Amino acid sequence: AQREALRTGARPKTSSAAGRRKQKVKEQHAAQAESVSTRVSAAAEDQEVASRGRARHRTRAPDTRAGTGGSQKGVKASLGPSDGKGGQDGDVTVVSGKPSTWQEDQAPQVRSSRFTSMAPSLRSKLRSVVTDHLAAVEQLKAEPGGDEFMGLIGSDKFIGTAFRPAQYHMLTRLILLKGEYLHRLEALFEVASGLHKAALEQRTQARRTSGALPKVATARSRDAGYDIIGIDESPFSGIIIETATARDTARQEFQLFLQADTACRCADIARVHLPPVPDLGIPLFPTEEGYDPDSQEVVYTSSGIALRAADPVSVAMILRDTLLQWQAQVESVISDVEAKWWDPPSDPDEARRQHERTTAVFKISATYVSWHVLADAMNYWGHATIHLTDPALKAGALSALKHVASAQDEILLLKREYAQAYSTSYRQTAKANVRNPQNRWDPLPDNGHAPDVRGAAELDAQEGPADTQTTKEPPADVAAVQKTHEEQETDGSV
């Protein structure tokens, strides 16, 4: 009767208030121990047990000893409020904060299902990007002259073609189409790769939880990268392969079109816009007629450095200094050309990018001219040095040749820097078109975005009828434009 009264909450009548509180606590503890011990005997064996401050799983045989100390300690962490009330039908309220076994089993399945449902949507997006790009290219091909222009792309002389104004306009549009296509593919590849990695990590975690994989082996595979597990391990693996294939093809085509673009512009710039290379006026090289090794003549660089004219290294230094002074004139030439033939777009960011491209391509053309002047000197002096018999003169000539070779290397580094800036600028324009389609930039038919091309066309028209040939030999100063751009592709600078 006393236990029934305690279970229903009845309070025994006592004369002391302090005694009532102590008695109530004692009776509640006794009731809890008895109630829980009965429930444990019918519940599942896996219970949450508090151990050293953290929740742990323990497997324990049913405890039928009512009111034992061990039973009271074992269930203390899994009890609800200390009012003696559990859930309905003998359920025990879990307050440890750790998910149940059922929750742990269901969570990986829910995440895996979520990944699986996302894959078709991503694949559909990839198909849409590819289809839209192919449709845009076909639309360009269907325009007047488009079929002829597309036929040039597969030819061996595509790089080095002197495009007509209408063809250059199509080339610029094609560069932008490929740049926008490449940007979309790279974004899709990044998303697919992130989801692929997340799916693999989720699968690894699920296998570790179920005991299918040893913890050490799983960690080692994860640390080494998911390529070890395999690209076919997630719903996104096929999408990654398709996207990577399309991306790599688009990147190669983008580089090809940029090479044709810069080759055409460099040829026009060197032929029409750049000032002629001045008379070098360098001292005689030891192999030239009239050279006097005992001459005390002094020559000066543009900065006023005095050099002994009879020293072969002085000849190389004067040559390099003269070319640097000539290259310094390019900035003023760019300003004049843009003032005459450039139509800046209304978007200031795109106007800045177009100016950057014009500056870069002018400097690329100037480096071509300078490099070839040095190459001619290297070739001429190199052959002549072979026939020198005086050891001192030959040593000086070889030092001069090394100085020229060093100057050539510096020019190649500058060329790659300018080419990278040109490529990056076009990629930024394509990216801006994708992100802001309502404010996209498209080239005008008069090629106002490329003042050097527009100016060359106008000057050619003033001199006489335009040549109907689609290909012309570029000037000797830029004859190596194909070779240098191919080198640029291999070293990844474009």
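The values are calculated or read from the model by the stated rules, or taken from the named source; none is laboratory data. Just so it is clear, the structure is predicted and the values come from calculations on it, not from any experiment. Reconstructed Cβ throughout: ideal geometry from the backbone, glycine too, with neighbour counts over all protein chains shown.
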Check: Of all residues in segment 137-159, which are closer than 22 Å to SER425 by Cβ and in contact with a Lys or Arg (Cβ under 9 Å, 6 or more places away or on another chain)?
Finding: LEU140
Checklist line | Residues that are in contact with a helix residue (DSSP H, G or I) (Cβ under 9 Å, 6 or more places away or on another chain) and without any contact (Cβ under 8 Å) to a residue 60 or more places away in the chain, drawn from segment 154-179 | finding: MET170, LEU177
Item checked: Matching entry among VAL369, VAL315 (being touching a Pro at 6+ places or on another chain (Cβ under 6 Å) and in the same structural domain as ARG265 (by TED's automatic domain parsing)) -> VAL315
Next item on the list: Taking SER237 as the residue in question, decide whether it is assigned by TED's automatic domain parsing to the domain that holds LEU188 and either surrounded by 13 or more Cβ atoms within 10 Å (Cβ to Cβ) or modelled with pLDDT of 85 or more (or both).
Entry: yes
Margin query: Is it the case, given these coordinates, that ARG203 is farther than 30 Å from SER423 by Cα, modelled with pLDDT of 70 or more and in contact with a Lys or Arg (Cβ under 7 Å, 6 or more places away or on another chain)?
Written below: no
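Rundown of residues vs (1) among the charged types (D, E, K, R); (2) modelled with pLDDT of 95 or more; (3) farther than 24 Å from VAL272 by Cβ, yes/no style:
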site: LEU134; (1), (2), (3): no, yes, yes
site: GLY151; (1), (2), (3): no, no, yes
site: GLY160; (1), (2), (3): no, no, no
site: TYR168; (1), (2), (3): no, yes, no
site: LYS178; (1), (2), (3): yes, yes, yes
site: HIS183; (1), (2), (3): no, yes, yes
Check: Given the structure, is VAL404 crowded, with 19+ Cβ neighbours inside 10 Å, closer than 26 Å to CYS266 by Cβ and touching a Lys or Arg at 6+ places or on another chain (Cβ under 8 Å)?
Finding: yes
Item checked: Residue list for segment 403-455, filter: charged (D, E, K, R), within 21 Å of ARG164 (Cα to Cα) and in a helix (DSSP H, G or I) -> ASP452, ARG454
Next item on the list: Kindly indicate whether SER314 is at pLDDT below 85 and either surrounded by 13 or more Cβ atoms within 10 Å (Cβ to Cβ) or more than 45 Å from the chain's Cα centre (by Cα) (or both).
Entry: no
